[in-house]
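The values are calculated or read from the model by the stated rules, or taken from the named source; none is laboratory data. Just so it is clear, the structure is predicted and the values come from calculations on it, not from any experiment. Positions of Cβ are generated from backbone atoms using ideal geometry, with glycine treated the same way; all protein chains shown enter the neighbour counts. Just so you know, the surface numbers come from the protein's heavy atoms only, side chains and all, with ligands and any DNA or RNA stripped out. Shrake-Rupley method; radii C 1.70, N 1.55, O 1.52, S 1.80 Å.
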Amino acid sequence: MSALDNLPPLREVIARHDLRAKKQLGQNFLLDLNLTAKIARAAGDLGQCDVIEVGPGPGGLTRGLLAEGARHVLAIEKDARALPALAEIAAAYPGRLTVINGDALEIDPLAHVAPPVRIVANLPYNVGTELLIRWLTPPAWPPFWQSLTLMFQKEVAERITARPGGKAYGRLAVLAQWRADARIVMTLPPEAFVPAPKVHSSVVHLTALPQPRYPADAKVLSSVVAAGFNQRRKMLRASLKSIHPEIERLLEECGIPPTARAEEVGLEQFCTLARAVQAARQG
Ligand code: SAM
C-alpha cells in the first residue's frame, strides 16, 4: 500500500499492466509518490481547482494531485495501455478523475473543466515546449488557466526563466515572462525517473498575470523578438532591419543602443520597441 492512498505501489502497477516505457512517447515515469505529492504541492492550493494533467502514464502524479485535494483532474493520455491503471485510480477517487485517451495537441480540454483551472504535468519532452507556447499564446489574456506547473529538461526550464545577458535568454523567456511569473521550483536528477533520461529535469511554476507586464501588441512583440533572436549574434540595427525601414531611429528613440544584441535587451525595452514599431507602422 502506498502512504497516499489505498492503491498499490507504482512498480506493481507497471508490472501488472505491462507498462514498459516507450521512448517514442517520451515515457520516463516517476515512481516515488512522495515526489509526485511534492510536485502537486508546488502547484499551489488545488482544493478549489480543476486540474488538467497531460500524460498521466501509470498515474504517479495523478495520485499526487488527487491526494493533495484537487477538486477534479482531467488527465489526457495518448497511450491506451495506461487506461486500466488510470481506471483503478478513478475508482479510488470517485467522481474526481476523468481520463481522455488521445493526443493533447489535438484535444481541447476546455469543454471538460470549470474555472479556476491549473495545469500540472510531467510532460513528454517531445511535445512539452509546443504545449507551453500554446498555453502562453491564447487569443485573449488572461488565459483559461491560473497556473502551469510543468516538468521540462533542466535546460529548457532555464530558458523559460532566464534573465537578459546570457545564452539561455531568448524568445521563450520573453514569451513566458511577459504575461506570467515563472520560476524553477525543483530540479531532479535522471535517477528520479524510470527509465532514467540522459539529463536533469526541472519543474517550472508559471502564474498567469492578470494582464501583460508591459503593454504591447502580442503579434508585433513576437515578430520583433523572433527577428532579434533568430540572428542573436548580430546587432539589432541589422537583425531587426526587416521589422521597419527606420529601425535604427526607433531603437534610439526607445533608448536601446542600435549596436546592442537581442540578449542584452530586457522585457520592458522589447515592449517599448514593439509599441514604437507599431506606432511607426500606423503613422
Ligand atoms: N506523468 C507520468 C509520470 O510522471 O510518471 C508520465 C510522464 S512521461 C514523461 C510522459 C507521458 O505523456 C507518457 O505517459 C506518454 O504516454 C504521454 N504522452 C506522450 N505524448 C503525448 C501526447 N501527445 N498527448 C498526451 N499524452 C502524451
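For n ≥ 4 DSSP H runs only, could you compute -39500 (n - 2.57) per run for the chain, divide by its residues and tell me the 222 nm figure to the nearest 500?
Value at 222 nm, helices only, nearest 500: -10500 deg cm²/dmol.
Tell me the Kirkwood hydrodynamic radius of segment 131-274 in angstroms, computed as one over the mean inverse distance between distinct C-alpha pairs. Don't jump to the answer; show the numbers that get you there.
Values: mean 1/r = 0.0621 Å⁻¹.
For segment 131-274, the Kirkwood estimate is 16.1 Å.
How big is the charge dipole of the chain about its Cα centre, in debye rounded to the nearest 20, if each Lys and Arg gets +1 on its Cβ and each Asp and Glu gets -1 on its Cβ?
Values: 33 positive and 27 negative charges, 146 e Å.
Rounded to the nearest 20 debye, it is 700 debye.
Within segment 139-156, whose backbone N sits under 16 Å from a point 7 Å along Cα→Cβ of Ala42?
Inside the label zone: 147-156.
For the chain, what is the accessible area per residue in Å², given a 1.4 Å probe and the full set of protein chains?
Normalised by residue count, the accessible surface of the chain is 46 Å².
Can you tell which of His17, Gly59, Leu83 lies farthest toward the positive end of the dipole of segment 1-108, using +1 and -1 charges on the Cβ of basic and acidic side chains (Lys, Arg; Asp, Glu)?
Looking along the dipole axis, the top candidate is His17.
If the elastic network links every pair of Cα atoms under 10 Å, which of Arg179, Arg71, Arg233 fluctuates the most in the Gaussian network model of the chain?
For the chain, modelled as a Gaussian network with Cα springs under 10 Å, the answer is Arg233.
Based on the mean of other Cβ atoms within 10 Å per residue, sort peptides 203-211, 50-58, 89-97 so the most packed one is first.
50-58, 203-211, 89-97
Within a Cβ distance under 12 Å of His244, other residues only, what is the Lys/Arg minus Asp/Glu net charge?
+1
In the chain, if the dipole is taken from +1 on Lys/Arg beta carbons and -1 on Asp/Glu beta carbons about the Cα centre, which of Ile243, Pro257, Gln153 is farthest to the positive end?
My answer, from the dipole projection, is Pro257.
Which whole-number percent gives the relative contact order of segment 218-282, counting Cα pairs below 8 Å spaced six or more residues apart?
38
Just the accessible area for Asp181, please: 1.4 Å probe, Å², rounded to the nearest 10?
Asp181 has an accessible surface of roughly 80 Å² with all protein chains in place.
Based on the alpha-carbon gyration tensor of the chain, what equivalent-ellipsoid semi-axes (square roots of 5 times the eigenvalues) come out, in whole Å, largest first?
Value: 41, 19, 15 Å, ordered largest first.
What part of the accessible area of the chain, given as a whole %, is carbon or sulfur when the probe is 1.4 angstrom?
For the chain, the apolar C and S fraction of the accessible surface comes to 52 percent.
Please give the contour-minus-distance gain from His200 to Glu130: 0.36 nm per residue of separation, less the Cα-Cα distance, rounded to one decimal in nm.
Taking His200 through Glu130 to full extension adds about 23.2 nm, to one decimal.
Using modelled backbone amide H atoms (1.01 Å from N, in-plane), which distant-in-sequence or interchain residues come within less than 5 Å of Leu209's amide H?
Result for Leu209 returns Ala180, Asp181.
Amide H neighbours of Met186 under 5 Å, counting only residues 5+ apart in sequence or on other chains, H built in-plane at 1.01 Å?
Counting only residues 5 or more places away or on other chains, the set is Val203.
Using Cα pairs under 8 angstrom and six or more residues apart, how large is the relative contact order of the chain, in percent?
Normalised by residue count, the contact order of the chain is 15 percent.
Please state the charge dipole magnitude for segment 218-282, taken about the Cα centre, from unit charges on C-beta atoms (+1 on K and R, -1 on D and E), reported in debye and rounded to the nearest 20.
Here the size comes out at about 280 debye.
Between segment 24-70 and segment 93-166, how many Å separate their Cα centres?
A separation of 13 Å, based on Cα centres.
Past 18 Å, Cα to Cα, is the threshold; run Lys23/Lys198; Lys22/Lys198; Lys22/Lys78; Lys167/Lys234; Lys154/Lys198; Lys23/Lys167 against it and keep the listed order.
In this structure, Lys23/Lys167 lie more than 18 Å apart at Cα.
Output wanted: per-residue J couplings in Hz (rounded whole) for segment 20-26, from phi through Karplus 6.51 cos²θ - 1.76 cosθ + 1.60, θ = phi - 60°, x for Gly and Pro.
Using θ = phi - 60°, the values come out as 4, 5, 10, 4, 5, 9, x Hz.
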